[in-house]
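The values are calculated or read from the model by the stated rules, or taken from the named source; none is laboratory data. Everything numeric here is computed off the predicted structure, so don't read it as measured data. Cβ sites come from the backbone with ideal geometry, for glycine too, and all protein chains shown count toward neighbours. Just the protein is used for accessible areas: all its heavy atoms, side chains included, with ligands, DNA and RNA removed. Shrake-Rupley method; radii C 1.70, N 1.55, O 1.52, S 1.80 Å.
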There are 2 protein chains.
Amino acid sequence: MSRSHNFSPGPAVLPEAVLRQTQEALWELNGCGQGLLETSHRGAAFADVMERATGRLRRLLRLSDDQEVLFLHGGARTQFYQIPMNLLRGGRATYLETGTWSRQAAEEARRYGTVDVGFSSADSRYDRVPEQGAWGPLPKGTTYLHYTSNNTVAGTEYAYVPDVEGASLMCDMSSNLLSRQVDGSRFDLLYAGAQKNLGPAGVTMVVLRKGLLERCDTNLPMMCRYDVHVKKGSMYNTPCTFGIYVIERVCAWLEELGGLDVIDARNQAQADLIYGVMDASDFWQGRAAKRSRSRMNATFSTGDAALDTACVAAATAEGLLGLKGHSSMGGLRASMYNAQNDEAVQALASFMKHFEATHG
Amino acid sequence: MSRSHNFSPGPAVLPEAVLRQTQEALWELNGCGQGLLETSHRGAAFADVMERATGRLRRLLRLSDDQEVLFLHGGARTQFYQIPMNLLRGGRATYLETGTWSRQAAEEARRYGTVDVGFSSADSRYDRVPEQGAWGPLPKGTTYLHYTSNNTVAGTEYAYVPDVEGASLMCDMSSNLLSRQVDGSRFDLLYAGAQKNLGPAGVTMVVLRKGLLERCDTNLPMMCRYDVHVKKGSMYNTPCTFGIYVIERVCAWLEELGGLDVIDARNQAQADLIYGVMDASDFWQGRAAKRSRSRMNATFSTGDAALDTACVAAATAEGLLGLKGHSSMGGLRASMYNAQNDEAVQALASFMKHFEATHG
């Protein structure tokens, strides 16, 4: 068997050029005489990787000088508690509840203060994100507003950055980071588990504004303290060096491709193709409200659970992998992160049309 | 440049056969049509990796049925707080202080209860570990005794497992796990960051006795709860799949080599060679008390800081990398974890003799 078309929701497809470079680095990292997994995180070879990774992310996200880039352990879920543990401290915060992940982030925050749910689409099975400003004026004393910019399970996405006044803006950008032009300098804290658009599972990028550090609780376990990680340049302990290397290579691939404008157009075209098949059909039913559709995760169904299952099996048999919907949602889900290639998406579109023709 | 002799203290040298297998898996994992970094942690291909990794560790560590194996994020330092956060809960615990890591583990524990220092070699710059039982009877009500079985910075190691009565036994085994025969069933909790003997940085193995789970605080952030990770089979969130794959391959390499008896003898022979050069010389000064010498990290000095620096530079020029001692200790350190090869150690022994002959 060879590499199939990969629609996994994450860990997800990566650029093949990056895989080839990573294979070489495993044996020897940039001529340093040691393999990527075997060289000290404090040595010159890895310091160079770290510096380039940070620089590329700063450029791509258009960060300002008052923002820090960290590479931490633990996945986005660790940020669910690390943010309120450091910054809520008995105060209040607004969470926009648009799916599984944002709901669980809010649940963790409740341990550390008051959570106001500024918006929830739970009643419609998270089929939509709010319109800009739908959360209204934030309650007095709100520390921050937290949202999830793309919802992998339901297949919805914000096409805008929330306008927030008088509070910090925080975002879990795990599943659409670097997939479109976003002004990263607007965020006081944004984070992303790497395993969608950035690299492998096991490393999380955190961007935070330096001013927040003064508000962080310093009476916490060292590994939980943002100020410690900033002071130590993400090397308070041994970071996930492998993951940081892959992130650097993915960002290099993105910059060489032409940057976010190019990937933005490509992601839009791929999404248009799949949603186009749905919209031209009475057979395929999209899960998400049209204006909230995710370009990263298209969720859909035949409307018949047994037929959905048969459809996933038929797709798998044709080398289209990872299309099963999340267990809480059912149906199908096609994940099309940055590294998804046009050939795979075209193959999926053809498959969908053919499946409809033979089962519709 | 090609691969040099690698004496890095961690991340550290890995078996070349494992690197070759990992290169292949990056492109496609065991014929599943997806690369190792790109396949779902919940899919069949990775489930197989996880099951084999767990099985191999259970065999190598001789675990009993009442012990669980977890793969968590965050490095050993996360365990420094996760253990007392879950299990100390205002009670008391004894920590044996034999170096930087055990001291910092105790510092984190003080947030959650009373710490009794059962032994400390701080006054002699951590040049030794205690004799068996030196900590005396544990204070009444002691929850657990915690120790660090090998101290990478000072270069000391316990050649025995502490006898503990009436309290749980907990061990940070990051830097000598699987380097010798140890009856893993004696430990109520043992943990190891992977980047010494197991694999890459970014994943931590935790073994814990099921009975402990009933005593864990359940009012903690989900990612901090051992019971959650046990219930979800280390998949409460996306684990560091890459790291787990490499651990599985390293354990396979170890089993194919003949298991712990074979690696034990090899590690002893390598350590004997380096300590033999020191002991036959008035020029080289070993850092550690002889009975406490680590087989994983040999620390030594010429007794002259400038000459030590020149020695590290000369070694580097000859392709012997990673010999600089920890910044807190100075001097030199030769790390010889399981994957260290005899050729490298022989080259180091020759270099040491030659350096003495030309600088002694």
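Label-to-label distances for B:Gly211 across copies, nearest first, come out at 5.5 nm, using points 7 Å from Cα in the beta-carbon direction. Partner shielding of B:49-55 amounts to 0, given as the average count of beta-carbon atoms from other chains within 10 Å of each residue beta-carbon. Within the shell defined by Cβ-Cβ distances under 12 Å, the residues around B:Val206 carry a net charge of -2, with Lys and Arg each +1 and Asp and Glu each -1. Residues considered: B:Leu220, B:Leu198, B:Leu321. Largest GNM mean-square fluctuation over chain B, using C-alpha springs under 10 Å, is found at B:Leu220. Counted by Cβ distance under 14 Å from A:Gln346, the other residues give a net charge of -2, where Lys and Arg count +1 and Asp and Glu count -1.
Across chain B, Cα pairs under 8 Å and at least six residues apart give a relative contact order of 23 percent. Hydrodynamic radius of chain A by the Kirkwood approach over all distinct alpha-carbon pairs: 21.2 Å. Segment A:Gln268..A:Gln181, full-extension length gain: 30.1 nm, with 0.36 nm per residue of separation and the alpha-carbon distance subtracted. Label point of A:Ser328 set 7 angstrom out along Cα-Cβ; within segment A:123-166, amide nitrogens under 18 Å from it belong to A:123-130, A:146-158. Within segment B:236-360, the proportion of C-alpha pairs whose separation exceeds 19 Å stands at 53%. Residues of segment A:200-237 whose accessible area, computed with a 1.4 Å probe over protein heavy atoms, drops by at least 50 Å² once all protein chains are present relative to their chain alone are A:Ala201, A:Pro221, A:Met223, A:Tyr236. The modelled label-to-label distance between B:Val117 and A:Ala134, using points 7 Å beyond Cα along the C-beta direction, is 5.8 nm.
When Rg and the Kirkwood Rh are both derived from Cα coordinates, the Rg/Rh ratio for segment B:290-360 amounts to 0.94. Magnitude of the charge dipole for chain A, about its Cα centre and with charges confined to Cβ atoms of Lys, Arg (+1) and Asp, Glu (-1), is about 720 debye. For A:Arg20 and B:Ala349, FRET efficiency with R0 = 51 Å and r from the beta-carbon atoms, rounded to 0.05? Here the calculated transfer efficiency is 0.85. Counting from the shortest, the label point at B:Asp304, 7 Å from Cα toward Cβ, is 8.7 nm from the same position in each remaining copy.
On full extension, the segment bounded by B:Arg125 and B:Leu307 gains 63.4 nm, given 0.36 nm per residue less the C-alpha separation.
Enclosing the Cα atoms of segment A:1-56 in their convex hull gives a volume equal to 122 cubic angstrom per residue.
Counting Cβ atoms of other protein chains within 10 Å of each residue's Cβ and taking the mean over peptide A:63-74 gives 2. A Förster radius of 45 Å, combined with the Cβ-Cβ distance separating A:Thr358 from B:Asn219, puts the computed FRET efficiency at roughly 0.25. Only Cα pairs within less than 10 Å get springs; with that Gaussian network setup on chain B, which residue of B:Gly286, B:Gly331, B:Gly113 has the largest fluctuation? Evaluated over chain B, the most mobile residue of the options is B:Gly113.
Only beta bridges with both residues in segment A:64-167 are counted; by DSSP, about 15 percent of them are antiparallel.
Among residues other than A:Pro139 whose Cβ falls under 11 Å from its Cβ, what is the net charge (Lys/Arg +1, Asp/Glu -1)? With Lys, Arg at +1 and Asp, Glu at -1, the net is +1. Rolling a 1.4 Å probe over the protein heavy atoms gives segment A:26-162 an accessible area of 34 Å² per residue. Here segment B:155-249 is treated as a Stokes sphere of Kirkwood radius computed over C-alpha pairs; at 10 °C and 1.306 mPa s its diffusion coefficient rounds to 107 µm²/s.
Working note: 222 nm ellipticity from helices only, DSSP H runs with n ≥ 4, each -39,500 (n - 2.57), summed and divided by the residues of chain A, gives -11500 deg cm²/dmol to the nearest 500. Taking the centroid of alpha carbons for each part, segment B:295-324 and segment B:190-218 are 33 Å apart. Computed from label points 7 Å out along Cα-Cβ, the spacing between A:Asp279 and A:Ala317 is 3.2 nm. An ellipsoid equivalent to segment A:203-253, defined through the eigenvalues of its Cα gyration tensor, has semi-axes of 24, 13, 7 Å when rounded to whole angstrom and sorted largest first.
Share of carbon and sulfur in the accessible area of segment B:111-240 stands at 45%, probe radius 1.4 Å. The alpha-carbon positions of the protein assembly as shown define a convex hull whose volume is 150 Å³ per residue. Per-residue extension of 0.36 nm, minus the Cα-Cα distance of A:Lys232 and A:Glu107, leaves a gain of 42.0 nm for this segment. In terms of its alpha-carbon gyration tensor, segment A:1-105 comes out oblate; a/c meets the 1.5 threshold, while b/c is at least as large as a/b.
For segment A:211-284, the set of GluC sites (Glu not before Pro) satisfying both a DSSP loop assignment and a count of at most 16 other C-beta atoms within 10 Å is given as A:Glu214.
Using a 7 Å projection from Cα along Cα-to-Cβ, the label point at B:Ala44 is separated from the same position in the remaining copies by 5.0 nm, smallest value first.
Rounded to whole numbers, the Karplus 3J(HN,Hα) couplings from phi for segment B:79-90 are 5, 3, 9, 5, 4, x, 4, 7, 10, 7, 6, x Hz, using 6.51 cos²θ - 1.76 cosθ + 1.60 with θ = phi - 60°, and x at Gly and Pro. For segment B:38-93, a Kirkwood radius taken over Cα pairs fed into Stokes-Einstein (37 °C, viscosity 0.692 mPa s) yields D = 237 µm²/s.
Counting only other chain Cβ atoms within 10 Å of each residue's Cβ, the peptide A:35-47 averages 6.
DSSP finds beta bridges in the protein assembly as shown, and of those with both partners inside it, around 50 percent are antiparallel. With both residues required to sit in chain B, DSSP beta bridges show an antiparallel share near 50%.
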